[in-house]
Amino acid sequence: MTDIKRLWKEAVFAALENLASASGLTTGIGDMESLVAEYPPKPELGDIGFPMFGYAKVFKKSPAVIATEMERLLAARGEELLCHGRPKAVGPYLNVFLHRVSVIEEVLERGRKDDWNSYLPFAGRKVMVEFSCPNTNKPLHLGHLRNNVLGESLSRILKAAGADVKKVNLINDRGIHICKSMLAYQVYGGGRNPEDEGLKSDHFVGKYYVLFNQLKKEDPKAEEKAQELLRLWESGDAETLKLWKTMNRWAVEGIKTTYARQGVGFDDYYFESLTYTRGKQEVLDGLSRGVFYRDDDGSVWVDLEDVGLDKKVLLRKDGTSIYITQDIGTAIQRSKDWPFDELVYVVASEQHYHFRALFEILRRLGYSWSENLFHLAYGLVNLPSGRMKTREGTVVDADDLIDELAALAQKEIEAKGRDSMVGDPAAVAEKVALGALHYYLLQTSPTKDMLYDPEQSLSFTGNTGPYIQYMGARACSILRKGAEAGPAQVLQEGDAAEAVAAVLDNEADWPLIRCLASYSGALESAARTKEPSIMAAYAHELAAEFSAWYRDNPVLSNPDPSLSAGRLQLVKAAKSTLQQVCGLLCIPFLEVM
RNA sequence: GCGUUCGUAGCUCAGCUGGAUAGAGCGACGGACUUCGAAUCCGUAGGUCGCAGGUUCGAUUCCUGUCGGACGCACCA
């Protein structure tokens, strides 16, 4: 469909050029990119629409007249174009009615092979995506879940669009916050293990981070002692390092369990403890080249006021590096490790300023790839009760949340009496929970703050992940029944594709086919704008379209056996597309639910 | 104070590079299970797209201003 659309766009533009030269015009119609190709709001208007408003002034004619002349010009073209469709002027629009059989054939291919997506606009692009980046002093919370699913989903979308994607994580495993949980453990831990307290290991570590607040009340010198622990860590004190390693292992193992549960993963892990000194030399080089300057007290600065930012410290007066210095080093290291065409940072929008500064600094250091850095900023996840705050204990823990959702889903399965049909109700419930959560988090544009309403997310009706899963399961159900019905009903792999497609060339089946065909357009748009929400919207549209279609159009119970067989192939293609889309959105696909 | 960002139906959100009657879901009201699984479907009600200007043949979309919210402007990360 995407190829056919481009073919028509080229043809329409060529016709515009002809019209221009016939009118003695040499300029004014712009380039092909400025020619708008869209989808008419109603199928009876056509399949592709080209508005002619923009050319009225150039030609000094009304858009409707231009559209009519365009129709005539295009209709005079040979079969090599007209076999793909028929142009028609509809008011001020030049619309195209596609030769549907070729579209249908393309769509039905999806039921025949797994790897059917051949449209790869990002082929040859190397894209690195950094996301999650947890601290090792506490378990993941709801905000991380949004980050994780955004990063994972975007990576899958880019990959589906043909890009070579590398997912990376940077573990924040050093610093004062880590030392606080270590100190609290020294005081209260009594040498116990997570198993001793029956806690998931990252929750165990998090418990001691929280206990640090108690320690502060009991010991006024707690903050000082934590600082001392940081100094010991930096000087390589054996005992401190031993504790640090143990607690970090607990934290990281626990966090990785949550990743596995959520279905996210990484190609490479970076650890801040190994990279945090890396930017220092870069800054000193920049200093010697006059990109930065040294203050009287010895600290190193960069002045970004001319681009609307401030003066930023890059090295402390004692020569140690700070946050942004580390990111400078890490970015440069990555560009050497794996020369990317693009590097995407999935980080909360609170850090927008930080990334503007970082990208500008890298530009000034002379790295041309600095313009290929992208901060995918996402908004906070708020609760109906207000913002999540660690100190007020209003943080929603990631594992607890998934547990809650899964328990609720299981109750729902039992309430509907489907527990015997789904096999393992607990396993299905877990998948429904993840589908609900991930879809909920992805449906909103990343830039916006969003409201996480447990009530609404837990209700499995409407514009939700489970709805999409349900339509997938229904498609599977029809296919199962079709297989049972015997050879007459089963789709004939050997049937000529064109003959099957011809059967489906009718008004009843077209809306679903058109929706299926627009998959690649949605994918490209989502990849280009880096917005999984576009894919989420497509997923819901497709599910709803499928729902409406199978309600009105009998598949198995159809009196016409050839139509029945053809529609069975269409169900297969729809199921395959739904499955693909669910994969892109980290929504587990379910054969039954 | 400066900067970034958001402001669309009672609520939560879509609306692709400006374009053909602004769309979903929830909630409300009314319907549909002897019919390929009702976690579904259909119908009704509900919007001066924060406000005011500007650009344009045309603005929810772009520009300016303004009001309101969020976030940021550390030798924290």
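Might you check whether a residue that is surrounded by 19 or more Cβ atoms within 10 Å (Cβ to Cβ), within 9 Å of RNA strand B (Cβ to nearest atom) and more than 30 Å from A:Val127 (Cα to Cα) occurs anywhere in region A:526-539?
no
Can you tell which of A:His375, A:His352 is loosely packed, with under 15 Cβ neighbours inside 10 Å, over 30 Å from A:Thr461 (Cβ atoms) and within 11 Å of RNA strand B (Cβ to nearest atom)?
A:His352
Filter region A:280-311 for residues that are crowded, with 19+ Cβ neighbours inside 10 Å and not hydrophobic (A, V, I, L, M, F, W, C); which is farthest from the chain's Cα centre (by Cα)?
This residue is A:Gly286.
Do you know which of the residues in region A:101-116 that are surrounded by fewer than 21 Cβ atoms within 10 Å (Cβ to Cβ), assigned to a helix (DSSP H, G or I) and not hydroxyl-bearing (Ser, Thr, Tyr) is nearest to RNA strand B (Cβ to nearest atom)?
The residue in question is A:Gly111.
Please identify the pairs in which a residue from region A:412-427 that is over 10 Å from A:Met593 (Cβ atoms) has its Cβ atom under 6 Å from the Cβ atom of a residue that is within 9 Å of RNA strand B (Cβ to nearest atom) and basic (Lys, Arg), counting only partners at least 6 apart or on another chain.
Close Cβ pairs satisfying both conditions: none exist.
Please tell me if A:Ala517 is assigned by TED's automatic domain parsing to the domain that holds A:Ser564, more than 11 Å from RNA strand B (Cβ to nearest atom), more than 26 Å from the chain's Cα centre (by Cα) and crowded, with 21+ Cβ neighbours inside 10 Å.
No: the conditions fail for A:Ala517.
What are the residues in region A:1-48 that are under 18 Å from A:Asn95 (Cα atoms), among the small types (Gly, Ala, Ser) and surrounded by fewer than 19 Cβ atoms within 10 Å (Cβ to Cβ), if any?
Hits for region A:1-48 are A:Ala14, A:Ser34, A:Ala37.
Out of all the residues in region A:548-567, which are buried (at least 16 other Cβ atoms within 10 Å of the Cβ) and under 31 Å from the mean Cα position of the chain (by Cα)?
Within region A:548-567, A:Trp549, A:Tyr550 qualify.
Quick check: is even one residue across region A:490-509 touching a residue at least 60 places away in the same chain (Cβ under 8 Å), near RNA strand B (Cβ under 7 Å from one of its atoms) and either part of a loop (DSSP other than H, G, I, E, B) or aliphatic (A, V, I, L, M) (or both)?
No, region A:490-509 contains no residue that is touching a residue at least 60 places away in the same chain (Cβ under 8 Å), near RNA strand B (Cβ under 7 Å from one of its atoms) and either part of a loop (DSSP other than H, G, I, E, B) or aliphatic (A, V, I, L, M) (or both).
Can you tell me which of A:Pro63, A:Pro92, A:Pro40 is in contact (Cβ under 8 Å) with a residue 24 or more places away in the chain, closer than 26 Å to A:Leu523 by Cα and not polar (S, T, N, Q)?
Step by step, each of A:Pro63, A:Pro92, A:Pro40 is checked, and only A:Pro40 is in contact (Cβ under 8 Å) with a residue 24 or more places away in the chain, closer than 26 Å to A:Leu523 by Cα and not polar (S, T, N, Q).
Which of the numbered conditions does A:Gly298 fail, given that it passes all the others? Conditions: (1) in a loop (DSSP other than H, G, I, E, B); (2) under 27 Å from A:Ala398 (Cα atoms).
(2)
The values are calculated or read from the model by the stated rules, or taken from the named source; none is laboratory data. Note that this is a predicted model, so its numbers are computed, not measured. Glycine gets a Cβ as well: all are built from the backbone with ideal geometry, and neighbour counts include every protein chain shown.
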